[in-house]
Amino acid sequence: MVTGLPGFLMVHQVTIEAYQGDSAYGPRWAPPTAVRCFLDEGTRMVRARDGREVSSTSTAYCPLTTTAPTDSRVTLPDGRQATVIQALRRDGGTLPVPSHLEVQLT
């Protein structure tokens, strides 16, 4: 049984600051966490949680245990900062497919 993405595919590293909501002083984020992933940089149209069609410039395929709620900040390997549009759980359960979190980024 396959449990996650194979390590040899996790050739990139991003830094995720998980969005924790708004405070009296504005948005709050968790401390930065380095996450190994496979980063696919390519523009495509995706649907945001509220149903709008938005342009995603890259997608990070991360371990299923990754925390990256909508509006989290992500720093890509080239230093560019992106925002999480949506994070989709791809849990294969008992199927022989790699479980992962698909993180769509602005």
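Numerical summary
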item: Per-region count, the range 72-85, residues surrounded by 15 or more Cβ atoms within 10 Å (Cβ to Cβ) and either at pLDDT below 95 or in a loop (DSSP other than H, G, I, E, B) (or both); result: 2
item: Filter result (polar (S, T, N, Q) and either within 12 Å of residue 106 (Cβ to Cβ) or in contact (Cβ under 8 Å) with a residue 40 or more places away in the chain (or both)) within the range 56-75; result: 56, 57, 58, 59, 66, 67, 70, 72, 75
item: Answer from 30, 48 - the residue that is among the aliphatic types (A, V, I, L, M) and either over 13 Å from residue 103 (Cα atoms) or more than 15 Å from the chain's Cα centre (by Cα) (or both); result: 30
item: Where residue 89 falls short, out of the listed (1) more than 15 Å from residue 10 (Cβ to Cβ); (2) outside any strand (DSSP E or B); result: (2)
item: Selection status of residue 59, out of contact with any strand residue (DSSP E or B) (no Cβ under 7 Å at 6 or more places or on another chain), among the hydroxyl-bearing types (Ser, Thr, Tyr) and within 23 Å of residue 97 (Cα to Cα); result: no
item: Scan of the range 15-62 for residues that are buried (at least 17 other Cβ atoms within 10 Å of the Cβ) and outside any strand (DSSP E or B), ordered by number; result: 18
item: Output for the range 76-94, where each listed residue is out of contact with any Leu (no Cβ under 8 Å at 6 or more places or on another chain) and touching a residue at least 12 places away in the same chain (Cβ under 8 Å); result: 86, 92, 94
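The values are calculated or read from the model by the stated rules, or taken from the named source; none is laboratory data. No experiment lies behind these values; they were computed from the predicted model shown. Using ideal geometry, Cβ is built from the backbone for each residue, glycine included, and neighbour counts are taken over all protein chains shown.
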